[in-house]
Amino acid sequence: MKTGQTPTELSRRSLLNTVGIGIASTGFIGTGSAQETSDNSRHVVGTKSRYGVDVAGQRADAVDKEIDFGKRGKAVVGDFSDEALAELESRDDVRYVERDVTVQTLGQSLPWGCTKVEADTTIRAGETGTGADVAVLDTGIESTHPDLTRTLGEGYAVVDSDRGEEPWNDDHTHGTHCAGTIGAVNNGQGVVGVAPGVTLHAIKALNGDGSGTGGDIAEGIRWAADQGYDVLSMSIGATSPSSVIEDAVKYAYDKGVLLVAAAGNEGPCDDCIHYPAAYDDVVAVSSTTIDDELSEFSSTGPEVDIAAPGSDITSTVIGGGYRAFSGTSMATPHVSGVGAVLMANGASNTEARKRLTETAEDIGLDQNEMGAGRLDAKAAILGDSDGGDGGSNAFEVVTTNASDVSQTSATLGGDLTGLGDYSSATVGVEYWVDGAEHDSATTVEVGSESSAGTFTTTVEELEADTDYQFRAYATADDDTVTGSAVAFSTSEPAEAPVVKTLSPTDIEHEEAELRGEVVSLGDADEVTPGFICWEKGDQDDAEYIEDFDTDEPEEFDEDIEDLDDGETYVAVATVTTPDGHRIEGNRITFVTAE
């Protein structure tokens with residue numbers, strides 16, 4: 001159980017030590033202990049009032065930013081002399097003075113983490129998180145990655161990218177990897193996220209070296225909260241607390257955001273959870289292996305709320321590719337994605353957090369290692385729980401999605417979830433042409449397994465442009481179990497049009513100008529651009545707007561009226577092909593004037 005952590009106080013308003021923050025993955029440069037900022041004059045001054053901000057600004061040699069946390073107070077980030085800091089520290093309207101932190105990165109197959117938490121089952125059930133907004137506070141997200149471009153919404157650059165057209169584009173790769181685990185789309189290529197229907201929002205608060213400041217992190221958290229986003233995923237960590245980040249965390253939590261953060265990669269260690277994960281208002285995530293053991297690098301401590309797969313997780317990386325990395329950074333987005341599905345279904349941030357922990361599976365680790373247990377998407381979302389007793393060991397196998405599908409080959413597989421009373425089982429797959437008699441199926445034996453886990457095999461010499469079905473099986477003695485049939489196609493996919501939603505302009509009390517861009521026509525001769533717009537949380541009453549055709553890529557806009565004052569709306573640019581197929585772009589939210 002978490003307890004509130006505060007810096008050791010030398011006085012009522014003590015000068016806090018520097019905090020170093022890193023992205024919690026073992027496969028990236030920048031892992032290790034906290035690093036003191038190289039600029040010793042850069043500090044954060046937390047104030048109680050606007051007047052305190054004005055005084056701090058007057059005493060500063062240079063002001064980088066001001067951050068408003070509502071009722072909690074305000075903060076000024078800038079360069080201060082020692083004399084100015086001493087004066088500010090003695091003022092009654094100053095809550096804290098601390099050196100600004102240095103923030104660093106901590107070091108279509110269905111990834112094993114998705115199947116381990118049974119997100120493949122929830123996806124097949126249609127629970128993909130559509131309608132939820134997830135902010136990824138990190139190094140940015142690659143805006144052109146084929147698994148991410150159609151699910152990306154509005155982004156925000158606290159620091160600008162050195163790569164790509166968008167200022168929030170990823171120039172490191174860590175943020176793109178985390179984003180893919182949350183929401184990579186189910187498009188028949190690459191990987192699939194645990195919540196492929198969510199809208200992802202990049203908050204780039206770390207630069208291309210994977211470093212930034214506590215003030216930048218706090219600004220990013222506050223921005224996400226002000227947009228009304230549902231989930232904030234933070235695969236970052238620091239070994240010491242930061243008051244300005246804690247201000248931002250509490251501000252976001254009070255606005256209804258589910259905050260999820262990495263426990264840290266200090267393991268093996270005891271009582272070593274990083275911040276912001278250690279704060280009470282944040283879900284702290286430790287990391288487990290494919291065998292449900294604690295990852296050797298995972299930090300542990302009483303603040304851990306839940307565990308999730310974090311070792312050797314394959315996901316998206318910059319350049320349009322895929323790689324496997326390990327870290328509590330990789331565990332965190334699994335929890336963020338499942339939390340987003342819960343909030344898409346109407347749960348509040350507190351209800352979603354409770355549901356995540358109440359349905360977690362007891363995998364036999366200490367509470368300091370796994371918290372309530374290992375994430376169970378199926379139990380949390382569909383209500384199909386093993387009762388928190390470590391799960392059923394029944395003899396069962398689950399069919400996973402096909403991957404690396406070409407016109408003549410595909411990778412097929414399954415997940416042996418339990419052996420029951422058997423010591424081992426022979427596993428494999430069987431596949432057949434869709435619509436043909438099942439007795440014509442081709443059986444491929446993969447091998448013998450003595451423990452639960454995933455398995456795959458690549459089948460060759462398939463017929464081009466053909467729909468297939470396949471399922472996984474497991475046999476022990478005379479007992480055979482099979483998974484559900486899953487479809488795949490060797491048809492060469494048509495190139496679909498690409499549309500992008502641009503930020504609305506001229507936003508007033510009851511109206512706004514929606515904007516979009518036809519990026520590509522694909523294989524279509526012409527398309528009909530348009531928009532879908534609805535008040536957030538009320539998609540059933542969405543308004544559809546289409547009024548012209550185009551035969552070339554171009555930007556387009558449309559005025560929308562009769563909106564309500566001070567409400568959050570969701571806008572999606574669309575294009576419709578002549579055969580009636582509608583393609584949706586990314587989602588963008590905006591707030592009308594009050």
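Quick one: putting +1 on the C-beta of Lys and Arg, -1 on the C-beta of Asp and Glu, what dipole do you get for the chain around its Cα centre, in Debye to the nearest 20?
About 2640 debye.
In nm, what is the difference between 0.36 nm times the number of residues separating GLU461 and GLU445 and their Cα-Cα distance?
Result for the pair: 4.1 nm of gain on full extension.
Find out how many positive minus negative residues lie around LEU342, taking Lys and Arg as positive, Asp and Glu as negative, among other residues whose Cβ is under 13 Å from that of LEU342.
Once positives and negatives cancel, what remains is -1.
What does the charge dipole of the range 112-382 about its Cα centre add up to, to the nearest 20 debye, if the Cβ of each Lys and Arg holds +1 and the Cβ of each Asp and Glu holds -1?
700 debye
Using the Cα gyration tensor of the range 296-387, with a ≥ b ≥ c the square roots of its eigenvalues, what is the shape: rounded (a/c below 1.5), prolate (a/b larger than b/c) or oblate (neither)?
oblate
Give me the distance between the Cα centres of the range 161-215 and the range 228-270, rounded to whole Å.
17 Å
State, in angstrom, two size descriptors of the range 247-315 derived from its alpha carbons: Rg to one decimal place and Dmax to the nearest whole number.
12.6, 38
Among GLY580, VAL498, TYR569, flag the residue with its Cα farthest along the positive direction of the charge dipole of the range 498-591, charges on Cβ as +1 for Lys/Arg and -1 for Asp/Glu.
Farthest along the dipole direction, towards plus: VAL498.
What FRET efficiency would be calculated for the residue pair ALA487, TYR422, taking the C-beta separation as r and a Förster radius of 30 Å, to the nearest 0.05?
Efficiency, from the Cβ-Cβ distance: 0.50.
Give me the tail of P(r) for the range 112-382 as a percent: Cα-Cα pairs with distance above 31 Å.
13 percent
Cα centroids of the range 293-338 and the range 401-448: how far apart, whole angstrom?
27 Å
Give the Debye-formula value of log10 I(q)/I(0) at each listed q (0.12 Å⁻¹), with one equal scatterer per alpha carbon of the range 396-489, two decimals each.
Once normalised to I(0) and log-transformed, intensities are -0.35.
Send over the semi-axes of the chain's equivalent ellipsoid, whole angstrom and largest first, taken as the square roots of 5 times the C-alpha gyration tensor eigenvalues.
42, 32, 19
Quick one: P(r) of the range 498-591 from all Cα-Cα pairs, 10 Å bins, percents rounded to integers, in order of increasing distance.
17, 51, 25, 6, 0
With each run of n ≥ 4 DSSP H residues scored as -39500 (n - 2.57), what mean residue ellipticity at 222 nm is computed for the chain after dividing by its residue count and rounding to the nearest 500 deg cm²/dmol?
-5000 deg cm²/dmol
GLU511 versus ASP549, label points 7 Å from Cα toward the beta carbon: distance in nm?
2.9 nm
If neighbour count is taken as other Cβ atoms inside 10 Å, put TYR275, TYR468, TYR322 in order from fewest to most.
TYR322, TYR468, TYR275
Tell me the net charge near THR400. Cut-off is 13 Å between Cβ atoms, THR400 excluded, with +1 for each Lys or Arg and -1 for each Asp or Glu.
Its environment carries a net charge of -1.
In nm, to one decimal, how far is the LYS71 label point from the SER503 one, both placed 7 Å along Cα→Cβ?
3.0 nm
SER235: net charge of surrounding residues, Cβ under 14 Å, Lys/Arg +1, Asp/Glu -1, itself excluded?
Spelling it out: positives minus negatives among the neighbours equals -1.
Values quoted throughout were computed directly from the atomic coordinates according to the rules given, and no laboratory measurement underlies them. What you see is a predicted model, and the numbers here were worked out from it, not measured in a lab. Cβ: placed from backbone, ideal geometry, glycine included. Neighbour counts: every protein chain shown.
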